[in-house]
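The values are calculated or read from the model by the stated rules, or taken from the named source; none is laboratory data. Fair warning: this is a prediction, and the values are worked out from it, not measured in the lab. Cβ sites come from the backbone with ideal geometry, for glycine too, and all protein chains shown count toward neighbours. The accessibility values were calculated without ligands, DNA or RNA, using every heavy atom of the protein model including side chains. Shrake-Rupley method; radii C 1.70, N 1.55, O 1.52, S 1.80 Å.
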Amino acid sequence: MTAPSTAPAASRGGRWIDHWDPEDETFWNEKGEKIARRNLYFSVLSEHIGFSIWTLWSVMVLFMGPEYGLTPADKFTIVSMATLVGAVVRVPYTFAVAIFGGRNWTIISAAMLLLPTIAAFIVMEPGTSFTTFLLCAMLAGVGGGNFASSMTNINAFFPLKKKGWALGLNAGGGNIGVPVVQLVGLAVIGASAGPRVLLGIYIPLIVVAAILAALYMDNISSVKNDTGAAKDAVKEGHTWIMSFLYIGTFGSFIGYSFAFGLVLQTQFGRTPLQAAYVTFIGPLLGSLIRPVGGALADKYGGAKITLWNFVGMAAATSIIIVASMQESLPLFTTAFICLFVLTGLGNGSTYKMIPGIFHTKALAKGLTGDEAAAYGRRLSGASMGLIGAVGALGGLGINLAFRQSFLSVGSGTGAFVAFLAFYGVCFLVTWAVYLRRPATQPHAESATSEAKPQLSYAEV
């Protein structure tokens, strides 16, 4: 989706960079790394608040007691709509970076977070209709789009060998907005204050994030929307395979983040304060571990880390099913938190796989050096937004599964059985596509035909 520009630096307003080549080690060491890191840190801040606003309603529903007149199914529907919109807007947000510039779009997207926050501030009281709450939750979905634009922007700033760390830190710092808003919600509930206090805290923070982006971030001129790359990414089977695997990792993370408190309230009879005491722990640990997943993938290969991570997720889910059937709250909570940690680890490793996969394809095509790097950046950049959007839809599936499970059997056990089967399929797909040894070239191959390079993704 991006290509390094060879144009000389020009005097342009609005903090534009006209020459950017992170694969050039001299350029990177002299000034590129410092600029990239600065943009990374302020991108993380904006994305962090975006995640908080996206998952705002996972906290708002804890405030909704009987006086609000909503059933558990109504509450799962509300958080599902926020998840849905957050997933869908990731696609246009990905392309917005090239249209407006990474810095400029960070300012715009941060400022847009004021809309759902102020709307919720106005309507958050008993007597408001279910439809109104649903619409406000849908508005909060714009916060989910910040991830896609931020990842696309940061992907352009860093060289291939640093992408796992940078994208992991960027995503992990954003993800941590989920437990932070839940922690702030815990403090507000513990102080017996109303939900408007929580919203009042975030409104000025949104303004600060937009201002800091304007002061310290940069646009890269060479970031262009390559419609050909987008079409190639849609046609590329690996885009859809990685989307499927990302449903298993990030889809699980965001879906459980929305649902954890509601499950504790509905299945185990926890009060809002009791639920809030533990709701934030899983998303917090899952967010903190995400850069570790990226770093481990850099060192050992993303496919290997992802494969064994799905084994761990399946094991944790099995324990959750047992705890759910035995109504053991301590075992259920412990296993659920472990599952959160594994979703975060898998988030980092799967996202690291994306640039590696397309770089490997470039090498298989006979490309080398800068050409191979450019090909990998082009397709990985184009595919990231789509993969992020499809992956986030997994969160919608999780909340709808919980809703149906509680309606059908009165607990979340049925939903967890479905999740266990899905993680098993993810394991098989990861092994079959990215770790199974390629078939050996036939010895009877014609001596006059040039041997084709074998495509192996074991190190991605």
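Here are some notes:
- Scanning the range 225-247 for residues that are surrounded by 16 or more Cβ atoms within 10 Å (Cβ to Cβ) and more than 27 Å from C426 (Cβ to Cβ) yields N225, D226.
- Considering the range 365-385, and only residues there that are open to solvent by 40 Å² or more (accessible area, probe 1.4 Å), in contact (Cβ under 8 Å) with a residue 40 or more places away in the chain and part of a helix (DSSP H, G or I), the residue that is farthest from A230 (Cα to Cα) turns out to be D370.
- Answer from G282, G302 - the residue that is open to solvent by less than 10 Å² (accessible area, probe 1.4 Å) and in contact with a Phe, Trp or Tyr (Cβ under 6 Å, 6 or more places away or on another chain): G282
- Selected residue (only one of S221, S257, S192, S252 is in contact with a Pro (Cβ under 9 Å, 6 or more places away or on another chain) and either under 19 Å from N155 (Cβ atoms) or hydroxyl-bearing (S, T, Y) (or both)): S257
- Test: residue in the range 269-288 that is assigned to a helix (DSSP H, G or I) and among the charged types (D, E, K, R): no
- Of all residues in the range 71-99, those being of a type in the set (K, R) and either out of contact with any Gly (no Cβ under 6 Å at 6 or more places or on another chain) or open to solvent by 10 Å² or more (accessible area, probe 1.4 Å) (or both) number 1.
- Options L273, L307, L285: the member that is under 16 Å from K352 (Cα atoms) and of a type in the set (A, V, I, L, M): L307
- Selected residue (only one of A401, A392, A372 is over 22 Å from I254 (Cα atoms) and of a type in the set (A, V, I, L, M)): A372
- Restricting the first member to the range 239-266 and to residues that are free of Cβ contacts under 8 Å to residues at least 24 places away in the same chain, and the second to residues that are of a type in the set (A, V, I, L, M, F, W, C) and open to solvent by less than 10 Å² (accessible area, probe 1.4 Å), no beta-carbon pair is closer than 8 Å while six or more apart or on different chains.
- Some residue of the range 346-362 being in a loop (DSSP other than H, G, I, E, B) and out of contact with any helix residue (DSSP H, G or I) (no Cβ under 6 Å at 6 or more places or on another chain): no
- Residue list for the range 186-206, filter: part of a helix (DSSP H, G or I) and either among the aromatic types (F, W, Y) or more than 18 Å from L113 (Cα to Cα) (or both): L186, A187, V188, I189, G190, Y202
- The set of residues in the range 160-194 that are at pLDDT below 90 and either open to solvent by less than 10 Å² (accessible area, probe 1.4 Å) or in contact with a Cys (Cβ under 8 Å, 6 or more places away or on another chain) (or both) comprises K163, G164, A166, L167, G168, N170, A171, G172, G174, N175.
- Single residue of W57, W20, W28 found to be assigned to a loop (DSSP other than H, G, I, E, B) and at pLDDT 90 or above: W20
- The numbered conditions (1) in contact with a strand residue (DSSP E or B) (Cβ under 8 Å, 6 or more places away or on another chain); (2) under 18 Å from G388 (Cα atoms) are all true for N104 except (2).
- Taken together, the residues in the range 42-69 that are more than 23 Å from G200 (Cβ to Cβ) and either touching an Asp or Glu at 6+ places or on another chain (Cβ under 9 Å) or touching a residue at least 24 places away in the same chain (Cβ under 8 Å) (or both) amount to 4.
- Residues (small (G, A, S) and either without any contact (Cβ under 8 Å) to a residue 40 or more places away in the chain or not in a helix (DSSP H, G or I) (or both)) located in the range 386-416: A401, S405, S408, G410, S411, G412, G414, A415
- Number of the exception - F419 against (1) crowded, with 18+ Cβ neighbours inside 10 Å; (2) in a helix (DSSP H, G or I); (3) modelled with pLDDT under 90: (3)
- Count of the range 301-327 residues, restricted to those that are assigned to a loop (DSSP other than H, G, I, E, B) and of a type in the set (S, T, N, Q), is 0.
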